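Heads up: the structure comes next, in structure tokens.
Coordinate-derived values only; no laboratory data. A quick note: this is a predicted structure, and the numbers were derived from the prediction, not measured. Methodologically, a virtual Cβ is constructed for each residue, glycine included, from the backbone with ideal geometry; neighbour enumeration extends over all protein chains shown.
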Amino acid sequence: MTYVVTEACINCKHTDCVEVCPVDAFHEGANFLVIHPDECIDCGVCVPECPVEAIYADADVPAGLQQYVELNAELAKDWLPITRKVDPLPEAKHWADVRDKLQQLKRA
């Protein structure tokens, strides 16, 4: 089992989760975070830290968000690790409650 960042993180990118990760498994894109499945030790300490409830155990990812399991693995290979907390994106409050944001994801 590993943990997965899902849609709620897109355009928010809170990094409270990054700060508590004991193995630095988070990787950063322009407007999204992912967890590298080969680096995650399945501790779950990141879950309660996410203010938008974007992180799930891979077995518990809600229906309709399953594509994020593969997306985390794919993007983590190309994105650099993030190991320190930074400010969320400027429009994070607006985007926190928006759904169906996959088209907003910036892959580069």
Can you find even one residue in region 81-94 that is farther than 16 Å from T6 by Cα, touching an Asp or Glu at 6+ places or on another chain (Cβ under 8 Å) and free of Cβ contacts under 8 Å to residues at least 60 places away in the same chain? yes
Do the conditions hold for E39, that is, is it in contact with a strand residue (DSSP E or B) (Cβ under 9 Å, 6 or more places away or on another chain), part of a loop (DSSP other than H, G, I, E, B) and either in contact (Cβ under 8 Å) with a residue 40 or more places away in the chain or farther than 14 Å from D16 by Cα (or both)? yes
Mind listing whichever residues of region 96-108 are closer than 11 Å to F32 by Cβ and surrounded by 11 or more Cβ atoms within 10 Å (Cβ to Cβ)? K101, L102, Q104, L105, R107
From E7, E49, E39, which residue is within 10 Å of the chain's Cα centre (by Cα) and charged (D, E, K, R)? E7
Scanning region 88-103 for residues that are in a loop (DSSP other than H, G, I, E, B) and within 10 Å of N11 (Cα to Cα) gives P88, L89, P90, E91, A96, V98, K101
Filter region 52-92 down to the residues that are under 19 Å from E39 (Cα atoms), surrounded by 15 or more Cβ atoms within 10 Å (Cβ to Cβ) and either of a type in the set (A, V, I, L, M, F, W, C) or out of contact with any strand residue (DSSP E or B) (no Cβ under 7 Å at 6 or more places or on another chain) (or both) and list them by number. A54, I55, V61, V69, L71, A73, L75, A76, W79, I82
Would you mention how many residues in region 42-68 are more than 17 Å from M1 (Cα to Cα) and in contact (Cβ under 8 Å) with a residue 12 or more places away in the chain? 5
